[in-house]
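The values are calculated or read from the model by the stated rules, or taken from the named source; none is laboratory data. Not measured: the values here are computed from a predicted model. Here the Cβ positions follow ideal geometry from the backbone for every residue, glycine too, while neighbour counts run over all protein chains shown. Just the protein is used for accessible areas: all its heavy atoms, side chains included, with ligands, DNA and RNA removed. Shrake-Rupley method; radii C 1.70, N 1.55, O 1.52, S 1.80 Å.
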Amino acid sequence: MSNEYKAKIGTLVDSISESYKKECYIAPHDLGFLPNRSVIIDTTKALRQLVFPSYFGKTNFRREIQDYHIGELLVCIIECLTKQFTLALKHQAGKSENLSEEHYRQEAGRLCYEFMSKIPQIREFLATDVIAAFDGDPAAKSKDEIIFCYPGVFAISIHRLAHELYKLSVPLIPRIMSEYAHNITGIDIHPGATIGKYFFIDHGTGVVIGETAVIGEHVKIYQGVTLGALSTRGGQKLRGVRRHPCLEDEVTVYSGASILGGDTVVGKGVVIGSNVFITKSVPEGTKVSIKTPELQFSGHAIKEVSIEAFDWVI
Amino acid sequence: MSNEYKAKIGTLVDSISESYKKECYIAPHDLGFLPNRSVIIDTTKALRQLVFPSYFGKTNFRREIQDYHIGELLVCIIECLTKQFTLALKHQAGKSENLSEEHYRQEAGRLCYEFMSKIPQIREFLATDVIAAFDGDPAAKSKDEIIFCYPGVFAISIHRLAHELYKLSVPLIPRIMSEYAHNITGIDIHPGATIGKYFFIDHGTGVVIGETAVIGEHVKIYQGVTLGALSTRGGQKLRGVRRHPCLEDEVTVYSGASILGGDTVVGKGVVIGSNVFITKSVPEGTKVSIKTPELQFSGHAIKEVSIEAFDWVI
Amino acid sequence: MSNEYKAKIGTLVDSISESYKKECYIAPHDLGFLPNRSVIIDTTKALRQLVFPSYFGKTNFRREIQDYHIGELLVCIIECLTKQFTLALKHQAGKSENLSEEHYRQEAGRLCYEFMSKIPQIREFLATDVIAAFDGDPAAKSKDEIIFCYPGVFAISIHRLAHELYKLSVPLIPRIMSEYAHNITGIDIHPGATIGKYFFIDHGTGVVIGETAVIGEHVKIYQGVTLGALSTRGGQKLRGVRRHPCLEDEVTVYSGASILGGDTVVGKGVVIGSNVFITKSVPEGTKVSIKTPELQFSGHAIKEVSIEAFDWVI
């Protein structure tokens, strides 16, 4: 290492070290260790393996010894989650509380057990989501294809897990899980959203489902759909306020549609057409579409083109 | 391990084990081992390395010894694919057939050889796609940038491989490959889609191209475009039916447009503007746009704003 | 290895080897080694660790020894980047130049030092982006959640790094970095784009920001927004020409809106509603929305539905 190089490195270290003391929003925090994002993602993968046995493991699943498979995965998941929950709880409490490490560890253990005991019920819901995907997509060749490949099923699997953690008020970790699913699928479901059985998102890229959205059973959603807030101008003052719509049972929302607002209720069996923009409630059984495509045509040889307003085929 | 902890784990194992016996849609299957998703993705990466030599390998490519590079990759790819094809074929056959493992292995070997012999032709098509990207994007600085960075080129590379497997009726594996590309790029091309030379998708996030879509040569597509089905209400009854549009040569489709339906033919040289929604055929040479932006303006200081309807600049 | 198998492999190797000599656009290049995409991505992760200390490292960050953390990361980053810069510069020069390896290495070292000395300023900007995200989203629970989970913050972090490399005219590497962020987040920001402080992209999937876009301070953008070019028909002839819009300070653009063209200036404080399509300038303080939702309704029991045109709540 030449002296010049050493001096240059020294200058860089000093200036970055100086910067760490400023920019309080991204300075190193001083509350002990933070939860570890990659450990949480690895544990999420292990949870998916537990929920869909025989699909995603590295070793081959054998029914005869399934209790051993379960036990091994469980112990590993519980160990990782308990540690991450402890870090998250301690971090959330910050400097104000002065409780022992052991206090947070015990609370983490309790939350972890509560969470794991929900797995059978989560599986019950996910089984209905796989049925909804198979019934809803003519391109689906088998339930295995759906479990292996469907981004909508991936996203709802992670959501149903993250939502249980959200209900248990575990800090940070459900959001890290849901953002992992968003990275993989382009589907952004906030862990707070309440979603009924038989839920199917097809293709999915660009879907956004907000924190206080409520979705009934047998609901089908396509790529680019937003279930969003009317306004976020209020910023942090809106925290906790109901800002996202409610979709009742058997609602279908086609690609690119936006449904906004905490007072918006989309009634049972409603069909919302592509690119429709809704900010008020829609009564049961209605079909909503954009009135006419409003297109204009020009071409070297053609004067008129008959493109009729699409009706309810979509 | 305390007794209490042991008992808790035991309770969880029992309840999950019980759940594995129910929820038939996501229960462990009992047809032997399933294909392995991560092996298939790793093999897809190796195939990409074979198709674009010197770009993605871990070791440095040397022209003088290229046959050794090819041979090494080939043997590795063939070994992995043959094993995965065997598992997929056996799994598809299910319990109804009673053929030997060797039967499926032989069939898998034959399909694998068929597939690998298509590599030179796939490369011929992909070379045209790289040209189309370079000619179509002023931000492109070199063909290397395109091969390294362009999500559209990534997606069409994986598609051209997956489509050959689809034509050979290999189950499950082409869909796992195409969904891998969807994860990475946000571009969802079903392996069944037929796509001509010189195909370019720019940016690409949110693009959906359905199973029975047919696309000519020199077609250019932007982010958020759907080539979709008019209706999937028929569900599994529609399987195999032509549901997606045909785009003839030299068609351009700008961002956010949707073209739907199996009877919809978009003629040669047609330009479809942003956010246009098409469910009927469009004759050769036409340009289709949304009639007027239909905007409304309000502001503290401004009464009127002259925003003209955009015309054919896009 | 049977003779038959050996012969088959031989045939495949020959045909692929033959293909490598053709298809010049995807043939192996002969300019020595190319930059390595995975090394660049790993280095980008290390840079993110340096920029957000204590959030993404594998080892736990301790303030007391922060200079050691910085020094270790720095030396590793500088070594990797200098090597990759050298390869990129040499590759860009091609066969025309006949300069020594050492020449490129020295230039790479100089560029790398220049770049690393920008880290404190990049951190200054990123701290404002984290504040903007926290202030702008009622669902945000803490700044840690934002740094861990927000795709918009991920994308702008990588962009602020890549943009410095772009300004230093480092070839290829900034685009590999920005496309990495695009893969992860669905947000496609060209490294050329100029973006002011307090920038916030919410959800983000499908956002496209072009090479020559200029964005002021306190700008907020939602999923599916395009800041694009009016036309790319000119292809490579348009390279270097200003093709993308300018957004002045305090502009908000809601989901799915497109703002196109190099002469388009969106004035201070403008609000662009969802799905608006703009190709002309908009004066300061204006709010632009789609005039009416233009919806049609049908339903078995309902004749009329009162859905008013949404106004400026969004």
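So the values come out like this:
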| quantity | calculated |
| --- | --- |
| Members of region B:234-251 found to be surrounded by 23 or more Cβ atoms within 10 Å (Cβ to Cβ) and touching a strand residue (DSSP E or B) at 6+ places or on another chain (Cβ under 6 Å), listed by number | B:H244, B:P245, B:L247, B:V251 |
| Number of the condition not met by B:Y20 [criteria: (1) open to solvent by less than 20 Å² (accessible area, probe 1.4 Å); (2) in a loop (DSSP other than H, G, I, E, B)] | (2) |
| Any hit, region C:54-70, residues being in a helix (DSSP H, G or I), more than 14 Å from chain A (Cβ to nearest Cβ) and out of contact with any Phe, Trp or Tyr (no Cβ under 7 Å at 6 or more places or on another chain) | no |
| Matching residues in region A:51-73 - criterion: being touching a residue at least 40 places away in the same chain (Cβ under 8 Å) and in contact with a His (Cβ under 9 Å, 6 or more places away or on another chain) | A:Y55 |
| Test: residue in region C:252-274 that is within 7 Å of chain B (Cβ to nearest Cβ), over 18 Å from A:G256 (Cα atoms), at pLDDT 90 or above and open to solvent by 40 Å² or more (accessible area, probe 1.4 Å) | no |
| Within region A:4-14, considering residues that are facing chain C (nearest Cβ under 7 Å) and more than 30 Å from C:A132 (Cβ to Cβ), the one farthest from the chain's Cα centre (by Cα) | A:K8 |
| Pairs where the first residue, in region B:171-187, is farther than 26 Å from C:G204 by Cβ and without any contact (Cβ under 8 Å) to a residue 40 or more places away in the chain and the second is open to solvent by 10 Å² or more (accessible area, probe 1.4 Å) and part of a helix (DSSP H, G or I), C-beta under 8 Å, 6+ apart | B:P174/B:H163; B:P174/B:Y166 |
| Pair list, Cβ < 6 Å and 6+ apart or interchain, from region A:74-103 residues that are more than 16 Å from C:K143 (Cα to Cα) to residues that are among the charged types (D, E, K, R) | A:T86/A:R105 |
| Odd one out for A:S17 among (1) closer than 22 Å to A:C80 by Cα; (2) of a type in the set (G, A, S); (3) at the interface with chain C (Cβ under 7 Å from one of its Cβ atoms) | (1) |
| Residue within region A:236-255 that is touching a Phe, Trp or Tyr at 6+ places or on another chain (Cβ under 6 Å), closer than 22 Å to A:A132 by Cα and not charged (D, E, K, R) present | yes |
| Total residues in region C:20-34, condition at the interface with chain B (Cβ under 8 Å from one of its Cβ atoms) and over 32 Å from the mean Cα position of the chain (by Cα) | 2 |
| Tally, over region C:94-119, of residues that are open to solvent by 20 Å² or more (accessible area, probe 1.4 Å) and in a helix (DSSP H, G or I) | 10 |
| Complete set of residues in region B:207-232 that are under 12 Å from the mean Cα position of the chain (by Cα) and within 17 Å of A:G224 (Cα to Cα) | B:V207, B:V208, B:I209, B:G210 |
| Residue that is farthest from the chain's Cα centre (by Cα) [pool: residues in region C:35-65 that are at pLDDT below 90 and among the hydrophobic types (A, V, I, L, M, F, W, C)] | C:I65 |
| Residue that is of a type in the set (S, T, Y), part of a loop (DSSP other than H, G, I, E, B), more than 8 Å from every other protein chain (Cβ to nearest Cβ) and touching a helix residue (DSSP H, G or I) at 6+ places or on another chain (Cβ under 8 Å), where the choices are A:Y198, A:Y180 | A:Y198 |
| Number of the condition not met by B:T86 [criteria: (1) in contact with an Asp or Glu (Cβ under 8 Å, 6 or more places away or on another chain); (2) surrounded by fewer than 17 Cβ atoms within 10 Å (Cβ to Cβ)] | (2) |
| Options C:I122, C:I131, C:I158; residue that is crowded, with 24+ Cβ neighbours inside 10 Å, out of contact with any Gly (no Cβ under 7 Å at 6 or more places or on another chain) and either at negative phi or assigned to a helix (DSSP H, G or I) (or both) | C:I158 |
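Listed here are the residues, each with its yes/no results for (1) facing chain C (nearest Cβ under 9 Å); (2) of a type outside the set (S, T, Y); (3) more than 30 Å from A:G109 (Cβ to Cβ); (4) buried (at least 24 other Cβ atoms within 10 Å of the Cβ).
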| residue | (1), (2), (3), (4) |
| --- | --- |
| A:T185 | no, no, yes, yes |
| A:H203 | no, yes, yes, yes |
| A:V208 | yes, yes, yes, yes |
| A:V219 | no, yes, yes, no |
| A:Y222 | no, no, yes, yes |
